[in-house]
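**Student:** Have a look at this one before I ask anything.
The values are calculated or read from the model by the stated rules, or taken from the named source; none is laboratory data. In this text the structure is predicted, and so the values were computed from the model without any measurement. Cβ: placed from backbone, ideal geometry, glycine included. Neighbour counts: every protein chain shown. Accessible surface is based on the protein model in full, side chains and every heavy atom, while ligands, DNA and RNA are left aside. Shrake-Rupley method; radii C 1.70, N 1.55, O 1.52, S 1.80 Å.
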Amino acid sequence: MITAIRTYINRKWALSLKILPLVFGVVFFKMLFNHFGWEFIELNALFTSLVTGTVFLMGFLLSGVLSDYKESEKIPVELVASLETMADEAEVIFIARKAPEAGDFAWALAGFTAHLLDWFYKKVSTRELLQELRGLNRHIHALEKLTQANFVTRVKQEQNNLRKLLLRVHTIRETAFIQSGYAIAEVVSWLLFIALLFMKLDPLVESLFFITPIAYLFIYMLALIRDLDNPFDYSGKERPAEEISLHELHAWVERMDERLKAFSGTN
């Protein structure tokens, strides 16, 4: 029960809990400004324009990162599909020829999969993983004499697909979406918060009632856009609320362990 509650909070409310100190900070400073009488800005139409412009900018940034996020969701599944196809080819060759080379290739795929998960959790560098992917070449070469050319061609195509997906993930990790857009959104948001602090909104309870959700909304949106911009930023463990799920990769590791039993005695 406790684990289920913790998982629910992690999936839905982790980001909200993370930004609460900043929201409370804005509320605290508003109370401080009201107490010392530092409020001198009158509410006018320009403030409404500032809020509208900030909301529009947030929507622009969010739509951009969401499109990339939806594309990124497909990558783990495509990685698993390529790996499983390569394992299928090795199994077909092993069944037909009982060749130890097919078993060696299957074990090499299992090792690559383990390092692939480590790579997602930043325990293995991109360069090391690409070198290991290239290291499969000698196993593929050993299979050429055991099967038809189209079988080997299919394996090479899946190897190439793996390489493209790995480079795609690496690019997403290293490239931020429109840094200048982030800068403008952050500057305008902080100007909005400053305006709220100096604005006369009496009584105090009423001003806090409006300021709290506005501060929560803009701080949350900035944090959400930052997190969605890098959906592969795992910090030692998977955070399903913000990062792409690696469930299919973990499931493939389990399936691969079962499939290796068919190649017993080859490693």
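**Student:** At 10 °C and 1.306 mPa s, what whole-number value in µm²/s does Stokes-Einstein give for the translational diffusion of the stretch 23-64, with Rh from the Kirkwood sum over Cα pairs?
**Tutor:** Here the translational diffusion coefficient equals 127 µm²/s.
**Student:** While we're looking at this one, here's another question. Students often get this wrong, so try it: which of (i) 132; (ii) 142; (iii) 185 is volume of the Cα convex hull per residue in Å³ as calculated from the structure shown?
**Tutor:** Computing volume of the Cα convex hull per residue in Å³ and matching it to (i) 132; (ii) 142; (iii) 185 gives (ii).
**Student:** Still on this structure: Which whole-number value in Å² is the accessible area per residue of the chain, probe 1.4 Å? Write down the numbers at each step before the final one.
**Tutor:** Values: 14800 Å² over 267 residues.
Heavy-atom SASA per residue in the chain reads 55 Å².
**Student:** What's the center-to-center distance, using Cα atoms, between the stretch 79-95 and the stretch 141-220 in Å?
**Tutor:** 33
**Student:** Now a separate question. Run the helix sum for the chain: -39,500 (n - 2.57) per DSSP H stretch of 4+ residues, divided by residue count, reported at 222 nm to the nearest 500 deg cm²/dmol.
**Tutor:** Details: 11 runs with 206 residues, N = 267.
The helix-only estimate for the chain comes to -26500 deg cm²/dmol at 222 nm.
**Student:** Another question, if that's okay. Once you keep just the Cα pairs under 8 angstrom separated by 6 or more residues, what percentage relative contact order results for the stretch 1-132? Could you put the intermediate results ahead of the total?
**Tutor:** Details: 26 pairs, mean separation 12.1, N = 132.
Averaging sequence separation for qualifying contacts and normalising by length gives 9 percent for the stretch 1-132.
**Student:** Still on this model: I'd like the per residue volume of the convex hull spanned by the Cα atoms of the stretch 134-267, given in cubic angstrom.
**Tutor:** Working: hull volume 21.2 nm³, N = 134.
Convex hull of Cα atoms, per residue: 158 Å³.
**Student:** Positive end of the charge dipole of the chain (Lys, Arg +1 and Asp, Glu -1 on Cβ, about the Cα centre): tell me which of T171, L228, F28 has its Cα farthest that way.
**Tutor:** T171
**Student:** Tell me, what % of the accessible area of the chain is carbon and sulfur with a 1.4 angstrom probe?
**Tutor:** Values: 9330 of 14800 Å².
Accessible surface attributable to carbon and sulfur in the chain totals 63 percent.
**Student:** Can you tell me the relative contact order of the stretch 112-169? Whole percent, Cα pairs under 8 Å, sequence separation 6 or more. Walk me through the intermediate numbers first.
**Tutor:** Values: 20 pairs, mean separation 16.0, N = 58.
Answer for the stretch 112-169 is 28 percent.
**Student:** Another question, then. Taking trypsin sites (Lys or Arg not before Pro) as exposed when DSSP calls them loop (any state but H, G, I, E, B) and at most 16 other Cβ atoms lie within 10 Å, what is the longest stretch of the chain free of them, the sites themselves excluded? Each step should come with its number before you reach the end.
**Tutor:** Working: sites that count: K74, K98, K122, K123, K145, K200, K237.
Excluding the exposed sites themselves, the longest stretch runs over 1-73.
**Student:** Over the chain, what is the mean sequence separation of C-alpha contacts under 8 Å (at least six apart), divided by residue count, expressed as relative contact order in percent? List each step's numbers first, then the result.
**Tutor:** On the way: 228 pairs, mean separation 106.7, N = 267.
Computed over the chain, the figure is 40 percent.
**Student:** So which lysines can K18 reach, going by Cα to Cα under 30 Å and dropping same-chain residues fewer than 8 places off?
**Tutor:** K30, K70, K74, K122, K123, K200, K237
**Student:** I'd like the per residue volume of the convex hull spanned by the Cα atoms of the stretch 64-174, given in cubic angstrom. The partial results should precede the final answer.
**Tutor:** Working: hull volume 9.9 nm³, N = 111.
Spread over its residues, the Cα hull of the stretch 64-174 gives 90 Å³ apiece.
**Student:** If one puts a single equal scatterer on every Cα of the stretch 1-140 and applies the Debye formula without solvent, what log₁₀ I(q)/I(0) results at q = 0.12 Å⁻¹?
**Tutor:** Per q value, in the given order, log10 I(q)/I(0) is -0.82.
**Student:** Something else about it: Select from I19, W38, A96 the residue farthest towards the positive end of the dipole of the stretch 6-140; place +1 on Cβ of Lys and Arg, -1 on Cβ of Asp and Glu, and compute about the Cα centre.
**Tutor:** So the residue we want is W38.
**Student:** Hey, another quick one. Between A114 and V77, what is 0.36 nm times their sequence separation minus the Cα-Cα distance? Round to one decimal in nm.
**Tutor:** Length gained between A114 and V77: 11.8 nm.
**Student:** Using protein chains only and a probe of 1.4 angstrom, how many square angstrom of L22 are accessible, to the nearest 10?
**Tutor:** About 90 Å², rounded to the nearest 10.
**Student:** May I ask you to compute the full-extension gain from A195 to N150, defined as 0.36 nm times their residue separation minus their alpha-carbon distance, rounded to one decimal in nm? All intermediate terms of the calculation are to be shown ahead of the outcome.
**Tutor:** Working: separation 45, 0.36 × 45 = 16.20 nm, distance 6.74 nm.
Length gained between A195 and N150: 9.5 nm.
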